[in-house]
Each structure stands twice: as structure tokens, then as C-alpha cells.
Amino acid sequence: MKKLLGSLLLLSSFSTFADNNGTYMSDMMNMDNMMYMDFGLGYGTAGNWGTGSLALNAMTMGFYYKPGLGVELGMDMLPSGNYQNNGAMINTFHLAAKGILPLADAFNLYGKLGLGVNAGQGTATSNSMMMGMNMQNMSMITPVNVGPYYGAGMQFNLSKRFGIYIEDSGVIVVGGGNNGGFGNTNITTLGLEVRM
């Protein structure tokens, strides 16, 4: 927790320095006090899955409240995974702080830290013996796992209102989902950011 607070304080100090000196971000790319929405498409995996899935950054809403620092709430989806040879899906929700390192007017690096929730749905198969016969039982599982959320990416600013991003993000599930869950999730997306 101390490291997280220290990182956020460092990002806040950097953004204040950049804003006061005007050397890191031009007025055209200064995104402070702007809301944003992200939409993306990519590939995702989850612990205990047999295969990966199409990944959707269904919607992330956030607010840049000062240069270099923002906060966001988001939802990602892995709609077509595989658990024990059966279909499975996960919705991932997060609340995170976003720190931005502007390297040029048109290019930023960023990182995210926060809290994430994996809400899954799938079918589990188990074998049992009944009257000397091997029976296969299928049961619906709906695990919910909570853990730290992380994200890192790069953003190409097309204008003050629009940007394209490439991001790797995920939720780290404590215990790896051994309680019947799907475990850690990891999503890599390419998307569009719209700022208002």
C-alpha cells in the first residue's frame, strides 16, 4: 500500500512539474479536467482456462483531473473461453488510478493500478460412479474473484479529443482461483479513446 501511495504521489509531482514548466505537454494535448471513454478489441486469457478468448474493452469511463493523472471505472469481457472442455466467459470490472507520462504531443505511456473483480460463468464436468456405472455430471459455476488490477500501455493522440491506445491489463486473483474460479485474467487490446 505504501508503494502504491508513493507511486501516485510521484506521478502527481511529475504532472505538477510538467504543467508548471509547460515543457512536457502542449496546450493542445493538455487533457486535464476532461472525461474520457475507451473502447477496444483484443485477446484475453484466464487461469484454469483451456483456451483464450476474444477480448472486449466494453467501456471504460474516466476523468483526467490534472495533467498526468486520472481515475477510471471500466468493464472488459472475455466472452468465449473454455473451461474443462466447456464454454466459459468472464466479465472483468475495475476501479483504478491512471498515471500518464507524456513523451511527445502525439505519444504517451501510461500505467494503471487499482482493484479488479472477475465475474465468471461456465460449466464444470465431474465424473462419479453410480451403480457400477461411470456417470458424467455437469454443473454451472459462477465464480467471483477479487484482486489487484493493473494496466500498462501506450497512447497515440490523434487530436485533443481522440487517441488510439495499445494496452495490456488484468486482475491478479489471490490464490489463482483455486476456489473454483477461473483465476488471473490478462487482456491485450487495441482501442479508441474519446475525450470530452
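Quick note: the coordinates plus some simple rules give every number you see, no bench work behind them. Remember, it's a predicted structure, so these values are computed and weren't measured experimentally. Every residue, glycine as well, gets a Cβ built from its backbone with ideal geometry; the counts of neighbours run over all protein chains shown.
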Worksheet item: Taking amide hydrogens as modeled 1.01 Å from N in the peptide plane, which residues meet the under 5 Å criterion relative to residue 32, leaving out close sequence neighbours?
Response: none
Practice prompt. Would you mind checking which residues have amide H under 5 Å from residue 82's amide H? H placed 1.01 Å from N; only 5 or more apart, or other chain.
Written response: 50, 51, 88
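For the range 25-120, compute the orientation-averaged projected area of the C-alpha convex hull (one quarter of its surface), in nm².
6.4 nm²
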Worksheet entry | Per residue convex hull volume, Cα atoms of the range 46-196, in Å³ | 92 Å³
Worksheet, complete the sentence: Going fewest to most other Cβ atoms within 10 Å around each Cβ, 63, 182 line up as 63, 182
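Among 162, 93, which comes first, then next, by fewest other beta-carbon atoms within 10 Å?
Values: 162 13, 93 17.
Exposure proxy ranking, most exposed first: 162, 93.
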Worksheet entry | Order of 76, 38 under a 10 Å beta carbon neighbour criterion, fewest first | 38, 76
